[in-house]
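What follows is a single structure, written as C-alpha coordinates, with notes after it.
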Amino acid sequence: MNLLEVCLLCLWNTSWFNGLRLKIQCDKFILDFMTKKHFYISALALIMGGASVACSDDESTTYVTYQHPYSNPLTDYSAADPTVLKENDHSFYVYCTNTWQALHSADLVNWTKCDQNLFEKRPSFVTGSGVSVWAPDIEKIGDKYVLYYAMSAMGKPENAAIGTAYSDSPRGPFKLDKSRDGKGLLFTSKEIDVRNSIDPCFFEEDGKKWLFWGSFNGIYAVQLSDDGMNVLNGDLEAAKKNKVKIAGTAFEAPYICKRGDYYYMFASVGACCNAMLSTYTTVVGRSTSLLGPYVSKSGVSMLDNGYDVVIRANDHFVGPGHNSEIVTDSEGNEFILYHSYNRMTPSKGRFLMLDRIFWSEDGWPLIKGDSPSSEAEAPVCK
(Lines give C-alpha, C1' and ligand atoms only; values in the text may rest on other atoms or scores of the structure.)
Protein backbone atom coordinates (compact mmCIF):
# COMPACT_ATOMS: atom_id res chain seq x y z
CA MET A 1 0.00 0.00 0.00
CA ASN A 2 1.51 3.37 -1.01
CA LEU A 3 1.36 6.62 0.92
CA LEU A 4 -1.58 8.02 -1.05
CA GLU A 5 -3.63 4.86 -0.45
CA VAL A 6 -2.85 5.07 3.31
CA CYS A 7 -4.02 8.67 3.39
CA LEU A 8 -7.23 7.79 1.54
CA LEU A 9 -7.90 4.93 3.93
CA CYS A 10 -7.39 7.21 6.93
CA LEU A 11 -9.81 9.77 5.49
CA TRP A 12 -12.32 7.02 4.75
CA ASN A 13 -12.37 5.84 8.37
CA THR A 14 -12.70 9.25 10.05
CA SER A 15 -16.08 9.91 11.63
CA TRP A 16 -16.24 13.48 10.32
CA PHE A 17 -15.92 12.39 6.68
CA ASN A 18 -19.60 11.72 6.08
CA GLY A 19 -20.98 14.78 4.31
CA LEU A 20 -17.55 16.42 4.11
CA ARG A 21 -17.03 18.76 1.14
CA LEU A 22 -13.56 17.87 -0.03
CA LYS A 23 -12.09 20.36 -2.45
CA ILE A 24 -9.21 19.27 -4.65
CA GLN A 25 -7.84 22.31 -6.42
CA CYS A 26 -6.27 22.07 -9.82
CA ASP A 27 -5.09 24.90 -12.06
CA LYS A 28 -8.47 26.19 -13.04
CA PHE A 29 -11.14 24.00 -11.38
CA ILE A 30 -12.50 22.70 -8.10
CA LEU A 31 -13.92 19.25 -7.64
CA ASP A 32 -16.72 18.84 -5.12
CA PHE A 33 -17.23 15.39 -3.66
CA MET A 34 -20.14 15.37 -1.23
CA THR A 35 -20.42 11.71 -0.29
CA LYS A 36 -18.22 8.75 0.54
CA LYS A 37 -19.31 7.01 -2.64
CA HIS A 38 -18.39 9.89 -4.92
CA PHE A 39 -15.07 10.42 -3.12
CA TYR A 40 -14.17 6.75 -3.31
CA ILE A 41 -14.93 6.44 -7.01
CA SER A 42 -13.21 9.72 -7.89
CA ALA A 43 -10.15 9.04 -5.75
CA LEU A 44 -9.63 5.67 -7.39
CA ALA A 45 -10.00 7.27 -10.81
CA LEU A 46 -7.41 9.89 -9.94
CA ILE A 47 -4.99 7.27 -8.57
CA MET A 48 -5.26 5.22 -11.73
CA GLY A 49 -4.99 8.23 -14.01
CA GLY A 50 -8.47 7.61 -15.39
CA ALA A 51 -10.24 10.73 -14.19
CA SER A 52 -11.35 13.22 -16.78
CA VAL A 53 -12.66 16.60 -15.61
CA ALA A 54 -13.42 19.58 -17.79
CA CYS A 55 -11.85 22.88 -16.66
CA SER A 56 -13.70 26.15 -16.97
CA ASP A 57 -12.44 29.73 -16.95
CA ASP A 58 -14.66 30.70 -14.02
CA GLU A 59 -13.31 27.91 -11.80
CA SER A 60 -16.88 26.67 -11.23
CA THR A 61 -17.68 23.15 -10.04
CA THR A 62 -18.30 20.71 -12.89
CA TYR A 63 -20.91 17.95 -12.99
CA VAL A 64 -22.15 15.44 -15.54
CA THR A 65 -24.62 17.22 -17.79
CA TYR A 66 -26.72 16.35 -20.82
CA GLN A 67 -27.47 18.62 -23.73
CA HIS A 68 -31.11 17.52 -23.89
CA PRO A 69 -31.87 15.57 -20.70
CA TYR A 70 -34.94 13.59 -19.77
CA SER A 71 -35.81 11.94 -16.47
CA ASN A 72 -37.23 8.56 -15.55
CA PRO A 73 -39.97 7.66 -14.91
CA LEU A 74 -41.83 9.02 -17.91
CA THR A 75 -45.27 8.76 -16.28
CA ASP A 76 -46.62 9.36 -12.78
CA TYR A 77 -49.30 6.69 -13.31
CA SER A 78 -49.09 2.96 -13.97
CA ALA A 79 -48.19 2.02 -17.55
CA ALA A 80 -47.17 -1.60 -17.13
CA ASP A 81 -46.08 -4.07 -19.82
CA PRO A 82 -45.61 -1.48 -22.58
CA THR A 83 -45.44 -2.16 -26.29
CA VAL A 84 -44.55 0.60 -28.74
CA LEU A 85 -45.47 1.44 -32.32
CA LYS A 86 -43.33 3.91 -34.29
CA GLU A 87 -45.56 5.66 -36.82
CA ASN A 88 -42.71 7.96 -37.94
CA ASP A 89 -39.76 9.82 -36.40
CA HIS A 90 -42.03 12.12 -34.43
CA SER A 91 -45.08 9.97 -33.69
CA PHE A 92 -45.08 7.00 -31.32
CA TYR A 93 -47.82 5.00 -29.60
CA VAL A 94 -47.62 2.91 -26.45
CA TYR A 95 -50.16 0.31 -25.29
CA CYS A 96 -50.14 -1.05 -21.73
CA THR A 97 -51.84 -3.39 -19.28
CA ASN A 98 -55.17 -2.15 -17.92
CA THR A 99 -55.04 0.92 -20.16
CA TRP A 100 -58.11 1.59 -22.26
CA GLN A 101 -56.53 4.36 -24.32
CA ALA A 102 -53.28 4.32 -26.27
CA LEU A 103 -50.57 6.75 -25.21
CA HIS A 104 -49.03 9.07 -27.79
CA SER A 105 -45.72 10.91 -27.91
CA ALA A 106 -43.80 13.03 -30.41
CA ASP A 107 -40.44 12.46 -28.70
CA LEU A 108 -40.58 9.13 -26.77
CA VAL A 109 -40.38 11.09 -23.50
CA ASN A 110 -43.60 13.08 -23.05
CA TRP A 111 -46.72 10.90 -23.24
CA THR A 112 -50.42 11.74 -23.26
CA LYS A 113 -53.48 9.52 -23.35
CA CYS A 114 -55.40 9.48 -26.61
CA ASP A 115 -59.04 10.59 -26.37
CA GLN A 116 -60.18 7.59 -28.45
CA ASN A 117 -61.33 4.43 -26.63
CA LEU A 118 -58.92 1.63 -27.49
CA PHE A 119 -61.63 -0.95 -28.28
CA GLU A 120 -64.87 -0.46 -30.18
CA LYS A 121 -66.29 -3.06 -27.81
CA ARG A 122 -64.38 -4.49 -24.88
CA PRO A 123 -63.18 -8.08 -25.33
CA SER A 124 -65.22 -10.57 -23.32
CA PHE A 125 -63.83 -14.02 -24.08
CA VAL A 126 -62.63 -14.30 -20.46
CA THR A 127 -65.02 -13.21 -17.74
CA GLY A 128 -65.03 -13.06 -13.98
CA SER A 129 -63.83 -10.89 -11.12
CA GLY A 130 -60.67 -8.89 -11.81
CA VAL A 131 -60.38 -9.85 -15.48
CA SER A 132 -58.74 -7.25 -17.68
CA VAL A 133 -56.65 -6.78 -20.79
CA TRP A 134 -52.95 -7.41 -20.15
CA ALA A 135 -49.62 -7.02 -21.89
CA PRO A 136 -50.56 -6.04 -25.46
CA ASP A 137 -48.36 -6.15 -28.56
CA ILE A 138 -49.00 -4.03 -31.64
CA GLU A 139 -48.11 -4.69 -35.27
CA LYS A 140 -49.05 -3.20 -38.63
CA ILE A 141 -50.01 -6.02 -40.99
CA GLY A 142 -50.91 -4.84 -44.47
CA ASP A 143 -53.01 -1.72 -44.05
CA LYS A 144 -54.37 -2.74 -40.62
CA TYR A 145 -53.04 -2.32 -37.11
CA VAL A 146 -53.35 -5.62 -35.26
CA LEU A 147 -53.36 -5.73 -31.47
CA TYR A 148 -52.47 -8.91 -29.60
CA TYR A 149 -53.26 -9.03 -25.89
CA ALA A 150 -54.01 -11.35 -23.00
CA MET A 151 -57.10 -11.52 -20.83
CA SER A 152 -56.67 -12.79 -17.30
CA ALA A 153 -56.98 -12.03 -13.61
CA MET A 154 -54.33 -12.24 -10.92
CA GLY A 155 -54.12 -15.71 -9.41
CA LYS A 156 -56.14 -17.40 -12.19
CA PRO A 157 -53.56 -18.66 -14.71
CA GLU A 158 -55.72 -21.56 -15.87
CA ASN A 159 -58.28 -19.10 -17.29
CA ALA A 160 -55.81 -16.95 -19.20
CA ALA A 161 -56.24 -16.51 -22.94
CA ILE A 162 -54.87 -14.48 -25.84
CA GLY A 163 -56.91 -12.33 -28.18
CA THR A 164 -56.68 -10.22 -31.33
CA ALA A 165 -58.24 -7.01 -32.58
CA TYR A 166 -57.63 -4.71 -35.54
CA SER A 167 -58.04 -1.07 -36.47
CA ASP A 168 -57.46 1.36 -39.34
CA SER A 169 -55.75 3.73 -36.90
CA PRO A 170 -53.14 3.17 -34.17
CA ARG A 171 -55.40 5.19 -31.86
CA GLY A 172 -58.26 2.74 -32.33
CA PRO A 173 -60.98 1.83 -31.98
CA PHE A 174 -59.85 -1.78 -32.36
CA LYS A 175 -62.53 -4.17 -33.63
CA LEU A 176 -63.18 -7.78 -32.67
CA ASP A 177 -65.41 -9.02 -35.49
CA LYS A 178 -62.63 -10.85 -37.39
CA SER A 179 -61.68 -12.92 -34.35
CA ARG A 180 -62.82 -16.54 -34.30
CA ASP A 181 -65.62 -15.95 -31.77
CA GLY A 182 -66.41 -12.31 -32.50
CA LYS A 183 -65.33 -11.45 -28.93
CA GLY A 184 -61.60 -11.20 -29.62
CA LEU A 185 -60.42 -14.75 -28.88
CA LEU A 186 -57.33 -16.25 -30.52
CA PHE A 187 -56.87 -19.22 -28.14
CA THR A 188 -57.25 -20.15 -24.48
CA SER A 189 -54.63 -21.76 -22.27
CA LYS A 190 -56.58 -25.01 -22.38
CA GLU A 191 -57.00 -25.00 -26.16
CA ILE A 192 -53.29 -24.48 -26.84
CA ASP A 193 -52.23 -26.62 -23.84
CA VAL A 194 -50.00 -23.97 -22.26
CA ARG A 195 -50.90 -22.89 -18.73
CA ASN A 196 -51.05 -19.12 -18.18
CA SER A 197 -51.05 -18.17 -21.86
CA ILE A 198 -50.33 -14.44 -21.67
CA ASP A 199 -47.73 -11.94 -22.93
CA PRO A 200 -48.01 -12.27 -26.73
CA CYS A 201 -45.27 -11.05 -29.07
CA PHE A 202 -45.55 -10.94 -32.88
CA PHE A 203 -42.67 -11.61 -35.29
CA GLU A 204 -42.65 -11.95 -39.07
CA GLU A 205 -39.95 -13.50 -41.25
CA ASP A 206 -39.95 -14.60 -44.88
CA GLY A 207 -43.68 -13.97 -45.12
CA LYS A 208 -44.44 -16.24 -42.16
CA LYS A 209 -46.14 -14.70 -39.15
CA TRP A 210 -45.42 -16.05 -35.67
CA LEU A 211 -46.75 -15.44 -32.20
CA PHE A 212 -44.50 -15.97 -29.19
CA TRP A 213 -46.01 -16.04 -25.71
CA GLY A 214 -45.80 -17.52 -22.23
CA SER A 215 -45.43 -16.88 -18.51
CA PHE A 216 -43.38 -19.16 -16.22
CA ASN A 217 -44.74 -22.26 -17.91
CA GLY A 218 -42.45 -22.13 -20.92
CA ILE A 219 -42.20 -19.69 -23.82
CA TYR A 220 -43.80 -21.01 -27.01
CA ALA A 221 -44.24 -20.03 -30.65
CA VAL A 222 -47.04 -20.80 -33.10
CA GLN A 223 -47.55 -19.81 -36.72
CA LEU A 224 -50.39 -17.43 -37.61
CA SER A 225 -52.64 -16.86 -40.61
CA ASP A 226 -51.66 -14.35 -43.29
CA ASP A 227 -53.78 -11.58 -41.74
CA GLY A 228 -52.43 -12.36 -38.28
CA MET A 229 -55.91 -12.70 -36.81
CA ASN A 230 -55.95 -16.47 -36.33
CA VAL A 231 -53.67 -19.47 -36.02
CA LEU A 232 -52.47 -20.95 -39.32
CA ASN A 233 -55.42 -22.22 -41.38
CA GLY A 234 -57.65 -21.65 -38.35
CA ASP A 235 -56.65 -25.14 -37.16
CA LEU A 236 -56.33 -25.07 -33.37
CA GLU A 237 -55.56 -28.78 -33.09
CA ALA A 238 -52.67 -28.40 -35.51
CA ALA A 239 -51.47 -25.29 -33.67
CA LYS A 240 -51.56 -27.17 -30.38
CA LYS A 241 -49.59 -30.06 -31.88
CA ASN A 242 -47.07 -27.98 -33.82
CA LYS A 243 -46.28 -25.23 -31.30
CA VAL A 244 -42.57 -24.90 -30.57
CA LYS A 245 -41.13 -24.54 -27.09
CA ILE A 246 -38.56 -21.73 -27.12
CA ALA A 247 -37.57 -21.24 -23.46
CA GLY A 248 -38.01 -22.73 -20.01
CA THR A 249 -40.09 -21.88 -16.96
CA ALA A 250 -37.98 -18.98 -15.65
CA PHE A 251 -39.40 -16.51 -18.15
CA GLU A 252 -42.35 -14.44 -19.24
CA ALA A 253 -42.91 -11.44 -21.52
CA PRO A 254 -40.86 -12.52 -24.55
CA TYR A 255 -39.77 -10.02 -27.19
CA ILE A 256 -37.91 -11.12 -30.33
CA CYS A 257 -35.74 -8.92 -32.52
CA LYS A 258 -33.10 -9.61 -35.16
CA ARG A 259 -29.76 -7.84 -35.42
CA GLY A 260 -27.11 -9.00 -37.86
CA ASP A 261 -26.84 -12.77 -37.83
CA TYR A 262 -28.61 -13.19 -34.49
CA TYR A 263 -32.12 -13.30 -33.13
CA TYR A 264 -32.40 -11.93 -29.61
CA MET A 265 -35.08 -12.94 -27.15
CA PHE A 266 -35.61 -10.46 -24.36
CA ALA A 267 -37.71 -11.72 -21.45
CA SER A 268 -38.37 -11.06 -17.77
CA VAL A 269 -37.62 -13.21 -14.74
CA GLY A 270 -38.72 -12.89 -11.11
CA ALA A 271 -41.83 -11.45 -9.45
CA CYS A 272 -43.39 -8.62 -11.44
CA CYS A 273 -46.00 -7.05 -9.26
CA ASN A 274 -45.02 -6.92 -5.58
CA ALA A 275 -44.06 -3.25 -5.32
CA MET A 276 -40.88 -2.93 -3.21
CA LEU A 277 -40.60 -6.73 -3.03
CA SER A 278 -40.60 -7.16 -6.81
CA THR A 279 -37.64 -9.07 -8.20
CA TYR A 280 -38.50 -8.51 -11.87
CA THR A 281 -35.40 -8.31 -14.07
CA THR A 282 -34.97 -7.92 -17.83
CA VAL A 283 -32.82 -10.63 -19.43
CA VAL A 284 -31.74 -11.84 -22.87
CA GLY A 285 -30.47 -14.78 -24.88
CA ARG A 286 -29.69 -15.13 -28.57
CA SER A 287 -29.86 -17.62 -31.41
CA THR A 288 -28.89 -18.00 -35.05
CA SER A 289 -32.41 -19.33 -35.72
CA LEU A 290 -35.79 -17.73 -35.02
CA LEU A 291 -37.06 -20.82 -33.22
CA GLY A 292 -33.89 -21.34 -31.23
CA PRO A 293 -32.04 -22.61 -29.41
CA TYR A 294 -31.49 -19.29 -27.58
CA VAL A 295 -28.46 -19.29 -25.30
CA SER A 296 -26.72 -17.06 -22.78
CA LYS A 297 -23.21 -15.66 -23.23
CA SER A 298 -21.83 -18.77 -21.56
CA GLY A 299 -23.82 -21.03 -23.87
CA VAL A 300 -26.56 -22.14 -21.45
CA SER A 301 -29.82 -22.69 -23.30
CA MET A 302 -32.86 -20.65 -22.36
CA LEU A 303 -34.70 -23.97 -22.46
CA ASP A 304 -32.57 -24.74 -19.40
CA ASN A 305 -33.32 -21.26 -18.00
CA GLY A 306 -29.99 -19.71 -18.99
CA TYR A 307 -29.87 -15.96 -19.57
CA ASP A 308 -27.90 -12.74 -19.14
CA VAL A 309 -29.19 -9.64 -17.33
CA VAL A 310 -29.91 -6.46 -19.28
CA ILE A 311 -31.75 -4.34 -16.67
CA ARG A 312 -31.72 -4.93 -12.90
CA ALA A 313 -33.00 -2.95 -9.91
CA ASN A 314 -31.01 -0.10 -8.35
CA ASP A 315 -31.34 2.40 -5.50
CA HIS A 316 -34.12 4.32 -7.26
CA PHE A 317 -36.11 1.73 -9.18
CA VAL A 318 -37.22 -1.83 -8.49
CA GLY A 319 -38.75 -4.50 -10.73
CA PRO A 320 -37.61 -3.23 -14.17
CA GLY A 321 -39.05 -5.51 -16.80
CA HIS A 322 -41.50 -6.44 -19.55
CA ASN A 323 -39.76 -4.40 -22.20
CA SER A 324 -41.17 -3.17 -25.48
CA GLU A 325 -39.75 -3.45 -28.95
CA ILE A 326 -36.47 -1.63 -29.57
CA VAL A 327 -37.31 1.69 -31.22
CA THR A 328 -34.97 4.08 -33.04
CA ASP A 329 -34.86 7.86 -32.99
CA SER A 330 -34.13 10.15 -35.97
CA GLU A 331 -30.38 9.54 -35.68
CA GLY A 332 -30.63 5.76 -35.44
CA ASN A 333 -30.05 5.57 -31.69
CA GLU A 334 -31.87 2.61 -30.17
CA PHE A 335 -34.11 2.84 -27.12
CA ILE A 336 -36.14 0.43 -25.06
CA LEU A 337 -39.31 1.11 -23.08
CA TYR A 338 -40.18 -0.98 -20.02
CA HIS A 339 -41.86 -0.61 -16.66
CA SER A 340 -40.55 -0.26 -13.13
CA TYR A 341 -41.65 0.72 -9.65
CA ASN A 342 -40.23 3.94 -8.24
CA ARG A 343 -38.90 3.19 -4.75
CA MET A 344 -40.25 6.55 -3.57
CA THR A 345 -43.85 5.84 -4.66
CA PRO A 346 -44.30 2.05 -5.09
CA SER A 347 -48.02 2.20 -4.34
CA LYS A 348 -48.62 4.21 -7.54
CA GLY A 349 -47.82 1.21 -9.73
CA ARG A 350 -45.39 0.36 -12.49
CA PHE A 351 -44.28 3.48 -14.33
CA LEU A 352 -43.19 3.83 -17.94
CA MET A 353 -39.39 3.95 -18.33
CA LEU A 354 -36.96 4.62 -21.20
CA ASP A 355 -33.29 3.81 -21.68
CA ARG A 356 -30.91 3.70 -24.58
CA ILE A 357 -29.69 0.33 -25.82
CA PHE A 358 -26.03 -0.13 -26.67
CA TRP A 359 -24.34 -3.20 -28.15
CA SER A 360 -21.10 -4.79 -26.97
CA GLU A 361 -18.30 -5.64 -29.40
CA ASP A 362 -19.40 -9.26 -29.36
CA GLY A 363 -23.00 -8.33 -30.12
CA TRP A 364 -24.88 -8.33 -26.81
CA PRO A 365 -27.40 -5.66 -25.77
CA LEU A 366 -26.78 -3.54 -22.69
CA ILE A 367 -27.79 -0.31 -21.04
CA LYS A 368 -25.47 1.88 -18.99
CA GLY A 369 -24.98 0.50 -15.51
CA ASP A 370 -27.24 -2.47 -16.25
CA SER A 371 -30.02 -0.60 -14.41
CA PRO A 372 -32.55 2.18 -14.99
CA SER A 373 -31.25 5.71 -15.46
CA SER A 374 -32.62 8.61 -13.45
CA GLU A 375 -31.50 11.09 -16.08
CA ALA A 376 -30.05 10.62 -19.56
CA GLU A 377 -29.74 12.20 -23.01
CA ALA A 378 -33.11 12.33 -24.74
CA PRO A 379 -33.87 10.69 -28.09
CA VAL A 380 -33.62 12.88 -31.19
CA CYS A 381 -37.05 13.01 -32.81
CA LYS A 382 -37.46 15.34 -35.75
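The values are calculated or read from the model by the stated rules, or taken from the named source; none is laboratory data. Please read these numbers as outputs of a predicted model, since none were measured by experiment. Every residue, glycine as well, gets a Cβ built from its backbone with ideal geometry; the counts of neighbours run over all protein chains shown.
Computed quantities for the displayed model
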read-out: Where Pro157 falls short, out of the listed (1) at pLDDT 95 or above; (2) closer than 20 Å to Ile219 by Cβ; (3) not hydroxyl-bearing (Ser, Thr, Tyr); value: (1)
read-out: Check on Tyr149, at negative phi, buried (at least 23 other Cβ atoms within 10 Å of the Cβ), in contact (Cβ under 8 Å) with a residue 24 or more places away in the chain and of a type in the set (Ser, Thr, Tyr); value: yes
read-out: Residue in the stretch 160-169 that is assigned to a loop (DSSP other than H, G, I, E, B) and of a type in the set (Val, Ile, Thr) present; value: no
read-out: Count - residues of the stretch 189-208 that are crowded, with 17+ Cβ neighbours inside 10 Å, free of Cβ contacts under 8 Å to residues at least 60 places away in the same chain and either part of a strand (DSSP E or B) or among the β-branched types (Val, Ile, Thr) (or both); value: 2
read-out: The listed residue being in contact (Cβ under 8 Å) with a residue 24 or more places away in the chain, crowded, with 19+ Cβ neighbours inside 10 Å, more than 13 Å from Phe174 (Cα to Cα) and aliphatic (A, V, I, L, M), out of Leu108, Leu118; value: Leu108
read-out: Condition check for Ala239: touching a Leu at 6+ places or on another chain (Cβ under 9 Å), assigned to a helix (DSSP H, G or I) and either in the same structural domain as Ile138 (by TED's automatic domain parsing) or closer than 17 Å to Asp193 by Cα (or both); value: yes
read-out: Near pairs, Cβ below 6 angstrom, 6+ apart or cross-chain, from the stretch 359-382 (farther than 25 Å from Val318 by Cβ) to any residue that is charged (D, E, K, R); value: Val380/Asp329; Val380/Glu331; Cys381/Asp89; Cys381/Asp107; Cys381/Asp329
read-out: Qualifying residue in the stretch 255-270 (condition: of a type in the set (Gly, Ala, Ser) and part of a strand (DSSP E or B)); value: yes
read-out: Filter pass, Asp315 being outside any strand (DSSP E or B) and charged (D, E, K, R); value: yes
read-out: Given (1) within 20 Å of Phe251 (Cα to Cα); (2) outside any strand (DSSP E or B); (3) hydrophobic (A, V, I, L, M, F, W, C), index of the condition Leu337 fails; value: (2)
read-out: Residue under evaluation Ile256, criteria (1) in contact with a strand residue (DSSP E or B) (Cβ under 7 Å, 6 or more places away or on another chain); (2) among the β-branched types (Val, Ile, Thr); (3) surrounded by fewer than 19 Cβ atoms within 10 Å (Cβ to Cβ), criterion not met; value: (3)
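The rows are residues; the columns are (1) under 26 Å from Met265 (Cα atoms); (2) at pLDDT 95 or above; (3) surrounded by fewer than 20 Cβ atoms within 10 Å (Cβ to Cβ).
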residue: Phe335; (1), (2), (3): yes, yes, no
residue: His339; (1), (2), (3): yes, yes, no
residue: Thr345; (1), (2), (3): no, yes, yes
residue: Arg350; (1), (2), (3): yes, yes, no
residue: Met353; (1), (2), (3): yes, yes, no
residue: Asp362; (1), (2), (3): yes, yes, yes
residue: Leu366; (1), (2), (3): yes, yes, yes
